[in-house]
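**Q** Before I ask anything, here is the structure I am working with.
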Amino acid sequence: MSVTITALEAENVKRIKAVEITPAPTGLTLVGGNNNQGKTSVLDALAWALGGEKFRPAAAARDGAITPPHLKVTLSNGIVVERRGKNSTLTVTDPTGRRAGQQLLNEFVEVLALDLPRFMEAGDKEKADTLLKIIGVGDELAALDRRIKALYDKRTAVGQIATQKKAYADEMLSYPDAPAEPVSAIELIQQQQEILLRNAENQRQRDRLVEITHAKHRYFDEMQRLDERIEELQAQRGKLQASYDEAAAAETAATKTVAELQDESTAALEESIRNVEDTNRKVRANLDKARAEDEADEMSTQYSKLTEQIAEARRQRTALLDGADLPLPGLGVEDGCLTYHGKRWRDMSGSDQLRVATAIVRRLNPNCGFVLLDKLEQMDLATLAEFGRWLEAEGLQAIATRVSTGGECQIIIEDGRVKDAEEAPAPAPAWMKGAF
Ligand SMILES: Nc1ncnc2c1ncn2[C@@H]1O[C@H](COP(=O)(O)OP(=O)(O)O)[C@@H](O)[C@H]1O
Ligand SMILES: [Mg+2]
């Protein structure tokens, strides 16, 4: 159960002469008045009573007062806090008889609730850290943020390389007519050698034909010579006739073969050998271009993948904050800074700043059911009413000061006293009746 302030009595504290206040149990209690009348002194008195020595005002005792400061705060849990005497000694009385003293107060008094400006003036990062501490997802969020940044940096680098590679590939020359593979000069020469060997074989057969023909002629000549001696060489002639027949047969066969022989041309190969260097230069150029294009494509693919990963990490981040138990719907942390409905602190309206600060400070110590707010001048009446309704809905008590003597203030402080104190309690202002 949150503790709220039921009543304050203060005498001779700073600008206060004598003040008795019973703030509304929840919602907004406005302490109004002109400048230098003692409004802030009322909040200072409350802070000193509840926050301990570190909230003791520099000049706590009112100038010209005969008696020392006296403070008495009654709380909703029945505890009574008093400061009295020459040294403003603290007494904490617990009706249940539990231990007393500042330690007991510290259980339900949130320091930032006594000193909201300290939260409001903290840096963006400090505010965000406070929120993350409350909702308990700080480590996970920081890890996701680091991952998003790393992915983003990597994608930027990959994107630059992809663009460079593509530009490089586009600039490179290409030869659509060149073969896909480099041509081997050795292979061409080997083919040429094989043809030359086959041609040499052909030549050998041609030479053989010539030899055979020569032999035939020689045999014929011999026969003529031998014809003269035919009679005595009849026997020899028979043998020669056989040789002649054999040669004639061989001649016929060889003639037929030779007639079918056809020499292959090496002209195309010679041309290829001459062009091999040029062709290979083009082949290499085409291969280089294709490789550069592949690399550019690969980089583009990586870029798209990283984009998906960044989107996924961002989804996780949103889900993490959506799933967290936030002190106020719409709160978030972006780039390590506190946001409310996507806006940074400096872009929030004054009333949103107050609402955000109040909600966060409230969650810091849920036992503390009140918050003190100085200088609510910047809120117009409609905003005040809306803020008041929100506080009520939250079950939160706010005691605030405002330079105004208008009807929106339940309490008016004048010259260190509550104006028209005899007519207590002050009636609720008209705008509030309509509002609630
Ligand atoms: N110990 C003190 N005794 C008397 N006057 C004081 C003391 N401390 C501050 N003051 C005076 O109180 C006035 C401010 O009081 P404060 O409560 O801040 O007024 P408000 O908030 O209504 O403007 C100043 O004029 C300041 O000089
Ligand atoms: Mg003031």
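**Q** Could you tell me the convex hull volume per residue, in Å³, taken over the Cα atoms of the chain?
**A** 266 Å³
**Q** While we're here: Using Cα pairs closer than 8 Å and at least 6 residues apart in sequence, work out the relative contact order for the chain, in percent.
**A** It rounds to 31 percent for the chain.
**Q** Shifting gears a bit: Mind running the shape call on region 67-118? Use the C-alpha gyration tensor, a ≥ b ≥ c as the square roots of the eigenvalues: rounded below 1.5 for a/c, prolate if a/b tops b/c, oblate otherwise.
**A** Verdict is oblate for region 67-118.
**Q** Pairs to check: Lys72/Lys419; Lys133/Lys305; Lys133/Lys154; Lys72/Lys133; Lys127/Lys154. Give those whose C-alpha atoms are more than 26 Å from each other in this structure.
**A** In this structure, Lys133/Lys305; Lys133/Lys154; Lys72/Lys133; Lys127/Lys154 exceed 26 Å between Cα atoms.
**Q** Now a separate question. Give, in whole angstrom and from largest to smallest, the semi-axes √(5λ) of the equivalent ellipsoid of region 157-302, with λ running over the eigenvalues of the Cα gyration tensor.
**A** One finds semi-axes of 72, 11, 8 Å for region 157-302.
**Q** Go ahead and estimate [θ] at 222 nm for the chain from helices alone: -39,500 (n - 2.57) per DSSP H run with n ≥ 4, summed, over the residue count, rounded to 500.
**A** After summing the helix terms and dividing by the residues of the chain, the value is -18500 deg cm²/dmol.
**Q** Add +1 for every Lys or Arg and -1 for every Asp or Glu among the other residues with Cβ under 9 Å from the Cβ of Thr405, and state the total.
**A** Counting the neighbours of Thr405, the net charge comes to 0.
**Q** What does the net charge come to around Arg229 if you take all other residues with beta carbon closer than 15 Å to its beta carbon, with K and R at +1 and D and E at -1?
**A** Net charge in that neighbourhood comes out at -3.
**Q** Follow-up. With both partners inside the chain, how many of the DSSP beta bridges are antiparallel, as a percent to the nearest 5?
**A** 65 percent
**Q** With a sphere of radius 13 Å drawn around the Cβ of Glu298, what net charge do the other residues whose Cβ falls strictly inside it have (Lys, Arg +1; Asp, Glu -1)?
**A** 0
**Q** Find the centroid of the Cα atoms in region 83-150 and in region 367-420, then give the distance between the two in whole Å.
**A** For region 83-150 versus region 367-420, the Cα centre distance is 22 Å.
**Q** Under 5 Å between amide H atoms, partner at least 5 residues away or on a different chain: which partners does Val403 have, H built in plane at 1.01 Å?
**A** Leu376, Glu377
Bear in mind these aren't lab numbers, they're just calculated from the coordinates by the rules spelled out. Predicted model only: the values in this text are computed from it and were never measured. All Cβ positions, even for glycine, are placed from backbone atoms using ideal geometry, and neighbour counts span all protein chains on display.
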